[in-house]
Amino acid sequence: MKDTGKRLQAEDSDSSVAIKVEHVSKTFRLPHNRQNSLKGSFINLFRGGDRTFEKQEVLKNVSFEIKKGEFFGIVGRNGSGKSTLLKMLAGIYKPTKGMITVNGSLTPFIELGVGFNPELTGRENVYLNGALLGFSRPEIDAMYDDIVAFSEIERFMDQRLKNYSSGMQVRLAFSIAIRARSDILVLDEVLAVGDEAFQRKCFSYFDRLKREKRTVILVTHDMSTVERFCTKAMFIEEGKILLEGKPHLVAAAYSRSNDKTDESTSYQSPKQQYPFDIWVRDSAGKETKSFAYGNKMVVELSWKKPDVRHIGLAIFRANGEYVFGPNTYQDSYSLKDSNKATYTVDLNLNEGEYFLKAATMGENDNNIIEFIEEGPHFKVTRDYDSGRWGGVTKLDHEWL
Amino acid sequence: MGLFNRVFSKKNRALLAELVRTDFKLRYQGSVLGYAWSVLRPLLLFGILYVIFALVIKSGDGIPHFPVYLLLGIVLWTFFTDMTSQSLGSIVGRGDLIRKISIPRWIIVFSSSILALINLGLNMIVVAIVMLINGVPLMQTIVFIPLLLIELYIFALGISLFLSAAFVKFRDLGFIWEVIVQMGFYLTPILYAMSIIPVRFQKLQLLNPVAQVMQDARYSLVSHHEKVVTIWRVFGGDWYVLIPFVIVAITFVVGLMYFRNQQDSFAENL
């Protein structure tokens, strides 16, 4: 007999440990050609069972502990095994080997709006989603008005969910999710959806969780969030824990490891997909998409359309936040050439992923000729030996 | 009662109620007559079969109140097939929940079975109305009806648990079960008085729990006429009468055990 993994649910209020993971492994059996039919199973039986399966070890002998009241960040690239780990903590998957002990109740919103049904009204979905989070009908009755007020979609509650915009759905789902009272919260990429206003709501919710000293497990790709909220973080790669410790160290290690991969894959400028050409270079004139904090970025634009008098170039964070965007009309600058231009900027930006938007314009900036909605992406990395600060950009400042 | 309280905790009951409510709303959404269809469907089927079997072929063989006899059979059969067919796809159909949240898996099968029970309740009201119209006298044996329905429910639940869990891995099961149900429709004495077939086959037929329940229910509710064949009548005092009950018990235990054995891997296999 192979030894099988276990997940225990404990209620030990004296212990300071919220979650204990001991030597946990998870292996998936991936059929080469998935047989979902009896015929296929019969054929496999005669061929000798396991031969058409491939075993994939997603997590390899992972051990760690999360203490009560910790804001625990888990970072790692797609396919690193962090979602599998999260699903095991939540009790959706069973570990193949090892033991997980969860001390206290745990609400997994592995995703926002689980069980949302497009055919039901907003109101009905609130009750369904609430029941999935463990609330009874009277309990939801009592908090219903608050949920609706927080989501800011009062007028739409009796319309079917399929008529909602995705932003409205997310707001509604989030408004319910933050009602969860459980001891341990598992948040998977909740920030990846939603606009800037939504992110602000998320952050103030995180602040509240921290104040209340709740135990939170947060999975995210956004390192600034890890640094701002987490008290401890863990970096998973290829099913193993690469680093566990202080959030800023883990975030830095994660960013560094991402840069390495970026450089190893040969960079091709994706100019073909844009209405006009755009190149991103470093100060030495080499095409790149990774910059250290404070370095100069050189952007070259060239276009074919006639009558272009002005151009604009803007930097956005990968989450859609607008950072900075001048244009030659506002700067009262007249272009030297009729079909190309160069722009340089010092990237005094916090680390993270950014992208460019660009436009060619006629006589003024209301008259846009061609527009690149999402241009080249680039990364900014930071060296932590030279001091730390929070936010998007570093402004000149003084303490008096 | 510790297990019962844990299984039916406040949280689970609330979730169960919400899932049933959702299914109830969704099933007939967009149809004009809506929920009336759950009563109309067996009634229309009854109308067709009544004309063919009671009026044209006269398969009633002189059983008093044959229309009620026929309707009761159809209602019980509809309950059995609806519950098993709907439960079969219930786990796969709720894959979005199973892959994303850890709720007790049985709640999903249970909620689809409760929906079938609600339909059965509505249909039994129709049976009662038709009984009144047809002038069927009320007999003391009506007290057996709840027990018989419980037996049928447990049998259907055992099958539902097995089918819903097996369907996750073997999608052929949907078609196979459809064929079995179609076969069962003719093997079960729904459309005809059992008295028209040889006793040997009657004995064999009544080992099927659905047939046994159906005949006992007709005996208890419609008529004690000698042509209403029941398992007690064909086997006399023989021990064979226990076979359907043993089948029900084994089906339920096997279904439950298989489901429990499989439920941990639903999320991975879906």
- B:SER59: of a type outside the set (A, V, I, L, M), part of a loop (DSSP other than H, G, I, E, B) and more than 14 Å from chain A (Cβ to nearest Cβ), yes or no? yes
- Please enumerate the residues belonging to segment A:134-180 that are surrounded by fewer than 22 Cβ atoms within 10 Å (Cβ to Cβ) and part of a loop (DSSP other than H, G, I, E, B). A:GLY134, A:SER136, A:GLU152, A:ILE153, A:MET157, A:ASP158, A:GLN159, A:TYR164, A:SER165, A:ILE178, A:ARG179, A:ALA180
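Can you confirm whether A:GLU374 is acidic (Asp, Glu) and in a strand (DSSP E or B)? Explain how you work it out, then say what you get.
Numbers: acidic (Asp, Glu): yes; in a strand (DSSP E or B): no.
No: the conditions fail for A:GLU374.
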- Item | Which numbered condition A:PHE355 misses (of (1) out of contact with any His (no Cβ under 6 Å at 6 or more places or on another chain); (2) in contact (Cβ under 8 Å) with a residue 24 or more places away in the chain) | (1)
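Quick one: how many residues across segment A:136-153 are in contact with a helix residue (DSSP H, G or I) (Cβ under 7 Å, 6 or more places away or on another chain) and more than 7 Å from chain B (Cβ to nearest Cβ)?
Taking segment A:136-153 first, the residues in contact with a helix residue (DSSP H, G or I) (Cβ under 7 Å, 6 or more places away or on another chain) are A:136-137, A:140, A:144, A:147-148, A:150-153.
Adding the requirement that they be more than 7 Å from chain B (Cβ to nearest Cβ) leaves A:140, A:144, A:147-148, A:150-153.
Total meeting the criteria: 8.
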- Mind listing whichever residues of segment A:85-106 are buried (at least 20 other Cβ atoms within 10 Å of the Cβ) and more than 9 Å from every other protein chain (Cβ to nearest Cβ)? A:LEU85, A:LEU86, A:MET88, A:LEU89, A:PRO95, A:THR96, A:GLY98, A:ILE100, A:VAL102, A:ASN103
- Taking segment A:107-126 and the residues there that are surrounded by fewer than 22 Cβ atoms within 10 Å (Cβ to Cβ) and in a helix (DSSP H, G or I), the one that is nearest to the other protein chains (Cβ to nearest Cβ) would be A:GLU124
- Message: So for segment B:244-266 (the condition being in a helix (DSSP H, G or I), at pLDDT below 90 and away from every other protein chain (no Cβ under 14 Å)), does at least one residue qualify?
- Response: no
- Task: Answer with yes or no whether B:ILE108 is in a helix (DSSP H, G or I) and of a type outside the set (Phe, Trp, Tyr).
- Result: yes
- B:LYS203 fails exactly one of the following numbered conditions: (1) touching a helix residue (DSSP H, G or I) at 6+ places or on another chain (Cβ under 9 Å); (2) within 25 Å of B:MET257 (Cβ to Cβ). What is the number of that condition? (2)
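Does B:LEU76 count as more than 24 Å from B:VAL168 (Cα to Cα) and either over 10 Å from the mean Cα position of the chain (by Cα) or not in a helix (DSSP H, G or I) (or both)?
no
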- Item | Leading residue by the ranking (surrounded by the most Cβ atoms within 10 Å (Cβ to Cβ)) among those in segment A:53-82 that are touching a Gly at 6+ places or on another chain (Cβ under 9 Å) and not in a loop (DSSP other than H, G, I, E, B) | A:LEU59
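Return the only residue of A:TYR354, A:TYR343 being buried (at least 18 other Cβ atoms within 10 Å of the Cβ) and either at pLDDT 90 or above or at negative phi (or both). Quick ask: steps written out before the conclusion?
Details: A:TYR343 fails: buried (at least 18 other Cβ atoms within 10 Å of the Cβ).
The conditions single out A:TYR354.
The values are calculated or read from the model by the stated rules, or taken from the named source; none is laboratory data. Note that this is a predicted model, so its numbers are computed, not measured. As a convention, Cβ positions derive from the backbone with ideal geometry for all residues, glycine included, and neighbour counts pool all protein chains shown.
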